[in-house]
1. Any chance you could run the full-extension gain for residue 36 through residue 70? It's 0.36 nm times the residue separation minus the Cα-Cα distance, nm to one decimal.
2. Any chance you could run the full-extension gain for residue 13 through residue 62? It's 0.36 nm times the residue separation minus the Cα-Cα distance, nm to one decimal.
3. Could you give the length gained on full extension between residue 29 and residue 51, defined as 0.36 nm per residue of separation minus the Cα-Cα distance, in nm?
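Read the figures in this text as sums done on the coordinates, not as results from a lab. As the structure is a computational prediction, the values presented were derived from the model and not from experiment.
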């Protein structure tokens, strides 16, 4: 009887109580190219925005810096 209660308790804990949440504000950097423009270094980040189910828009962000370490804010 005690084993049954322990197994039942573990199954209840493993099943979870929280409601499912869909995370749709993920912005993972896809590409980070560098380019030398005169005496500065140009960095450009490309990341996807998920607008609707199955639809993705690519956004870009450019910065200029004197060193590679300071290229992204």
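1. Values: separation 34, 0.36 × 34 = 12.24 nm, distance 1.41 nm.
Full extension from residue 36 to residue 70 adds 10.8 nm.
2. Numbers: separation 49, 0.36 × 49 = 17.64 nm, distance 4.67 nm.
Extra length available between residue 13 and residue 62 comes to 13.0 nm.
3. Taking 0.36 nm per residue and subtracting the Cα distance, the gain is 6.3 nm.
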